[in-house]
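Shown next, in structure tokens, is the structure this report addresses.
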Amino acid sequence: QAKARGKDTYIQFEQSMAEATTFRLTMESDLRNALDREQFFLTYQPQVDAATNRIIGAEALLRWHHPVRGVVSPVEFIPVLEGMGLIVKVGEWTLRAACRAVRDWMDRGLWTDSMVLGINVSPQQFSQPEFFDQVRQAIDDAGIPARCIDLEITEGMVINEVEETIIRMNQIREFGVTFSIDDFGTGYSSLSYLKRLPLDVLKVDQSFVRDLSTDSNDAAIVETILAMARHLKLETIAEGVELEEQLEFLKSKGCNRYQGYYFSPPLRVEEFEALLKNHQHITETL
Ligand code: C2E
Ligand code: MG
Ligand code: MG
Ligand code: MG
């Protein structure tokens, strides 16, 4: 009987493997058409200065509107795009769309040249020799100041070819774009690498922020990360701030910029524009 059960389990396993493969193949073929069919769109999550309560910028977050499945999370499709090598093309689309959005907001008086839009960059994208040209083209075509764009890189990218990474980052920074290290603390890069990278901003990963008020280890980690950032003269932004007590803790440790549901989730463009309009009104009357 045990043997029969084992067999059943194995058949089930085989079936679910086959289903997973089919699912993946279907997703790949759907993704191959997604750009042409204009199924990608950007959402924008505001970043706030807690001291003044002003919106200082936003992060552009990619979404895929699948005709049957609805809106698919980047957590699901970005790794697939990376596996297909298609992230380079989609990444370029994202860069251009984000820069065009800033242009549009500037034209309508919703965005100033001191506000910054963060764009996520995959390691594969960054390692393309054409990457710098793609960035420059997107910014020039939109006719926006380069300092309005910040590129978010992750530790994953930093590990290999540090020298090359530094040279490329410096080249792009000379053009005026800034760099953030995203999801800081979740990767494997050593601090000695990090200190050599020409970074501007450190984003404290939301996994540490989540349990700040209940986990003293996380509180200690966040405090240490913030102290380190201060020594390295990096700006800090906390991710995933949902609660007032998280924000209070962060402020007390010197982190004034944050992004999270406490202020706003990522928004569709119309909602984001409405928020900018209202907020401008609020801060003007402060
Ligand atoms: P990320 O760059 O670390 O982005 C922050 C993620 O945290 C976003 O998830 C955002 O919606 C979520 N988030 C923001 N505030 C809160 C909060 O208060 N609580 C919680 N629990 N979550 C919060 P999202 O939009 O699902 O994106 C996931 C990841 O997908 C991003 O993480 C980024 O690594 C990747 N991604 C998104 N857009 C792009 C893109 O255009 N290009 C590339 N290469 N990767 C992207
Ligand atoms: Mg990011
Ligand atoms: Mg992050
Ligand atoms: Mg993340």
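How large is the helix-only mean residue ellipticity at 222 nm for the chain, computed as the sum of -39500 (n - 2.57) over DSSP H runs with n ≥ 4, divided by its residue count, in deg cm²/dmol to the nearest 500?
Working: 12 runs with 151 residues, N = 286.
The helix-only estimate for the chain comes to -16500 deg cm²/dmol at 222 nm.
Which semi-axes, in whole Å and largest first, does the equivalent ellipsoid of region 1-102 have when worked out from the alpha carbon gyration tensor as the square roots of 5 times its eigenvalues? Mind showing how you got there, number by number?
Details: eigenvalues 303, 72, 21 Å².
Semi-axes (√(5λ), whole Å): 39, 19, 10.
Could you tell me, in Å, what Rg and Dmax come out for the Cα atoms of region 112-216?
Cα radius of gyration and Dmax of region 112-216 are 14.7, 48 Å respectively.
Can you give me the long-range amide H partners of Glu152? Hydrogens built in the peptide plane at 1.01 Å from N, cutoff under 5 Å, separation of 5 or more residues or another chain.
Amide H neighbours of Glu152: Ile119, Asn120, Val121, Ser180.
Could you check which residue among Arg230, Arg103, Arg24 shows the biggest mean-square fluctuation in a GNM of the chain with a 10 Å Cα cutoff?
Largest GNM mean-square fluctuation: Arg24.
Just the Kirkwood number for the chain, please: inverse of mean 1/r across all distinct Cα pairs, in Å, one decimal. Numbers along the way, then the final one.
Numbers: mean 1/r = 0.0486 Å⁻¹.
Hydrodynamic radius (Kirkwood, Cα pairs) of the chain is 20.6 Å.
Modelled label-to-label distance, Tyr261 and Arg32, 7 Å Cα→beta-carbon offset: nm?
Using points 7 Å along Cα→Cβ, the separation is 3.7 nm.
³J(HN,Hα) across region 21-28 via Karplus (A = 6.51, B = -1.76, C = 1.60, θ = phi - 60°), whole Hz, x for Gly/Pro?
Listing the rounded values in order: 5, 4, 4, 5, 5, 5, 4, 4 Hz.
Could you give each residue of region 51-60 its phi-based ³J(HN,Hα) in whole Hz, using Karplus coefficients 6.51, -1.76, 1.60 with θ = phi - 60°, and x for Gly or Pro?
Karplus values, whole Hz, x for Gly and Pro: 5, 10, 6, 8, 7, 9, x, 7, 10, 7.
Rounded to a whole number of µm²/s, how large is the Stokes-Einstein D of region 177-270 at 10 °C and 1.306 mPa s, given Rh as the Kirkwood radius over C-alpha pairs? Could the numbers behind the result be given before it?
Numbers: Rh = 13.6 Å.
Translational diffusion coefficient: 117 µm²/s.
Which one of Thr236, Met84, Asn53 has its Cα pushed farthest toward the positive end of the charge dipole of the chain, where Lys and Arg give +1 and Asp and Glu give -1 at the Cβ?
Met84
Any idea which of Gly176, Ala138, Val116 is furthest toward the positive side of the dipole for region 81-203, if Lys and Arg beta-carbons carry +1 and Asp and Glu beta-carbons -1?
Val116
From the phi angles alone, apply the Karplus equation (6.51, -1.76, 1.60; θ = phi - 60°) to region 125-132 and give each ³J(HN,Hα) in whole Hz, x where the residue is Gly or Pro.
3J(HN,Hα) across region 125-132, in whole Hz: 5, 4, 7, 5, x, 7, 4, 4.
Express in nm, to one decimal, how much length is gained between Ile166 and Val75 on full extension, taking 0.36 nm for each residue of separation and deducting their alpha carbon distance. Before the final figure, lay out each step's value.
Values: separation 91, 0.36 × 91 = 32.76 nm, distance 2.74 nm.
Going from the current span to full extension adds 30.0 nm.
Could you size up the charge dipole of the chain around its Cα centre, putting +1 on the beta carbon of Lys and Arg and -1 on that of Asp and Glu, and report it in debye to the nearest 20? Working shown, then result.
Working: 29 positive and 44 negative charges, 34 e Å.
It comes to approximately 160 debye.
Can you pick out the pairs among Lys253/Lys277; Lys203/Lys253; Lys233/Lys253; Lys89/Lys277 whose Cα atoms lie more than 24 Å from each other? Don't skip to the answer; put the middle values down first.
Numbers: Lys253/Lys277 31 Å; Lys203/Lys253 15 Å; Lys233/Lys253 15 Å; Lys89/Lys277 32 Å.
In this structure, Lys253/Lys277; Lys89/Lys277 lie more than 24 Å apart at Cα.
Give, in nm to one decimal, the length gained when the segment between Glu19 and Thr214 is fully stretched (0.36 nm per residue of separation minus the Cα-Cα distance).
Values: separation 195, 0.36 × 195 = 70.20 nm, distance 4.00 nm.
Between Glu19 and Thr214, full extension yields an extra 66.2 nm.
All of the numbers you see were taken from the coordinates with simple rules; none came from a lab. Because the structure is a prediction, the values reported are computed rather than measured. Positions of Cβ are backbone-derived with ideal geometry, glycine not excepted, and every protein chain shown enters the neighbour counts.
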